[in-house]
1. Mind checking which residues of the range 78-99 are crowded, with 21+ Cβ neighbours inside 10 Å, out of contact with any Lys or Arg (no Cβ under 7 Å at 6 or more places or on another chain) and either of a type outside the set (Phe, Trp, Tyr) or over 16 Å from residue 118 (Cβ atoms) (or both)?
2. Would you call residue 288 over 21 Å from the mean Cα position of the chain (by Cα) and aliphatic (A, V, I, L, M)?
3. Would you pick out the residues in the range 128-178 that are closer than 27 Å to residue 199 by Cα, assigned to a loop (DSSP other than H, G, I, E, B) and either open to solvent by less than 30 Å² (accessible area, probe 1.4 Å) or among the β-branched types (Val, Ile, Thr) (or both)?
4. Just for the range 179-194: of the residues that are hydrophobic (A, V, I, L, M, F, W, C) and assigned to a strand (DSSP E or B), which one is surrounded by the most Cβ atoms within 10 Å (Cβ to Cβ)?
5. Restricting to the range 347-401, name every residue that is farther than 30 Å from residue 71 by Cβ and modelled with pLDDT of 95 or more.
6. Examine the range 238-252 for a residue that is more than 18 Å from residue 362 (Cα to Cα) and either open to solvent by 30 Å² or more (accessible area, probe 1.4 Å) or out of contact with any strand residue (DSSP E or B) (no Cβ under 6 Å at 6 or more places or on another chain) (or both), and state whether such a residue exists.
7. For residues that are among the basic types (Lys, Arg) and within 22 Å of the chain's Cα centre (by Cα), scanning just the range 30-58, find the one that is surrounded by the fewest Cβ atoms within 10 Å (Cβ to Cβ).
8. Here is a list of conditions, (1) more than 18 Å from the chain's Cα centre (by Cα); (2) part of a loop (DSSP other than H, G, I, E, B), and residue 330 meets all of them except one; can you say which number that is?
Amino acid sequence: MPIRVGFLIGKDTDLVEDAKYVGDASFLSDMPDKYRVDPESKEYLKDCEDGTKGFAHADVAIPWYIHKHHKDIEVDMIFPEDISTKRLKSNLCNFVIGYDVINTMFEDSKRQSTVTRAFKQCGNIMPSWKVQDFIYIKSKYMNACLKASIPMAPTIFALKDKRSPAKLLKEIKARGWKTFVMKQSMMAFSLGFCKLKVEDCEKDPSILKKYFKEYSDCPEYVVQECIEGFSRNWETRVFWFNGEFLYAIANKAAVSTEDGQEVIITGDDIPAEFLESAKRIGKAALEVLPQLTAPSGAPIPMTLIRTDIGCSDSKVFDKDTDWDPSKRTFFLNEIEYGGTTYFIRHLKEDFVPKWAELYANKAREISAHQENGTDEPPSKRARTGTAMKKPAAKASAAGRR
């Protein structure tokens, strides 16, 4: 009997049916159009007028490839609006590959509650809710990284109900910062991001007051000293599965390029120093994550994790940081998991078959644990593996960071 496996879809920013894709996309020829996304409205074609042309993104291409080439697996592609505890429990496991709780932040509280409850109660979401929450709330993994001596930009966490504009500005000044950036937990698409000067905030207190008012519901602000070299250097995004390196892409912000367009490079085009530093730091960051467990409770190697590594090459003013401004210092900027952008169309080799194989094998691994059961309590088991653009209407193709 085939293994029934769910894939939570919901991307509109990760094309596979694209001229840049180096693989053979013919396997998508018989995929129902309802899974394609209209590039204009960002809606699935099932919610568009007849005749609308759409394209497949990574979140549907990968499970469809599994459907075509891994016959022991029955694929259940789950649209965002169909997520429920009952639907998730009907599968052996469910991989977050497109849509997750972050996307619900752009909808309403009822939707957020429904999806969160389903993720917490189903018992077979991959990665587990424990892992997801550890990544959603940035202070959890960032504090763990700090304890592990993993380099990061100087950071202050401004927690809800414990913050005020005046208190935050006082903390920033005490650290010696001149310029800082504001980011948020439980957010994507760079919404809530802003770059501010201490001098301006001192002269005009309303700047921070407006920010606090507009984003009052955010559980925590992640406030960091602005790293001057970040935008002019490559940010290297490293992809891991089972704790092993898969590939990396590096991008340079549009503000730093001659033509004002973002630049993305992959493979051997990434400077060796950037790639090796990103792999070293990323590998260390994997170790701070909670142990992933199968629905049976057995520890298993981690599913997709992406570690984003920045570069500093200039003076940092933080009183507790002593990075040498005459050298490049690489640091962890962010950790993301399965619903992130895969950048498949930018790669020099076809990674759809590889992703399909990885997810199919992970499902088989989980199935084997389910069949064998487990007698040893989780606490006794050995740790394995390394450890505002609005979304589409009706929660359809809610794009991903």
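1. 80, 83, 88, 93, 94, 96, 97
2. Criteria not met by residue 288.
3. Once the filter is applied, which keeps residues that are closer than 27 Å to residue 199 by Cα, assigned to a loop (DSSP other than H, G, I, E, B) and either open to solvent by less than 30 Å² (accessible area, probe 1.4 Å) or among the β-branched types (Val, Ile, Thr) (or both), the range 128-178 yields 153, 154, 176, 177.
4. My answer is 180.
5. Looking only at the range 347-401, we keep the residues that are farther than 30 Å from residue 71 by Cβ, and these are 375-383, 386-395, 398-399, 401.
Of everything in the range 347-401, nothing turns out to be farther than 30 Å from residue 71 by Cβ and modelled with pLDDT of 95 or more.
6. Yes; the residues of the range 238-252 include at least one that is more than 18 Å from residue 362 (Cα to Cα) and either open to solvent by 30 Å² or more (accessible area, probe 1.4 Å) or out of contact with any strand residue (DSSP E or B) (no Cβ under 6 Å at 6 or more places or on another chain) (or both).
7. So, considering only residues that are among the basic types (Lys, Arg) and within 22 Å of the chain's Cα centre (by Cα), the one surrounded by the fewest Cβ atoms within 10 Å (Cβ to Cβ) is 42.
8. It is condition (2) that residue 330 fails.
The values are calculated or read from the model by the stated rules, or taken from the named source; none is laboratory data. Keep in mind that this is a model prediction, so the values were computed, not measured. So basically every Cβ, Gly included, is an ideal-geometry build from the backbone, and we count neighbours across all protein chains shown. These area figures cover heavy atoms from the full protein model, side chains too; ligands, DNA and RNA do not enter into them. Shrake-Rupley method; radii C 1.70, N 1.55, O 1.52, S 1.80 Å.
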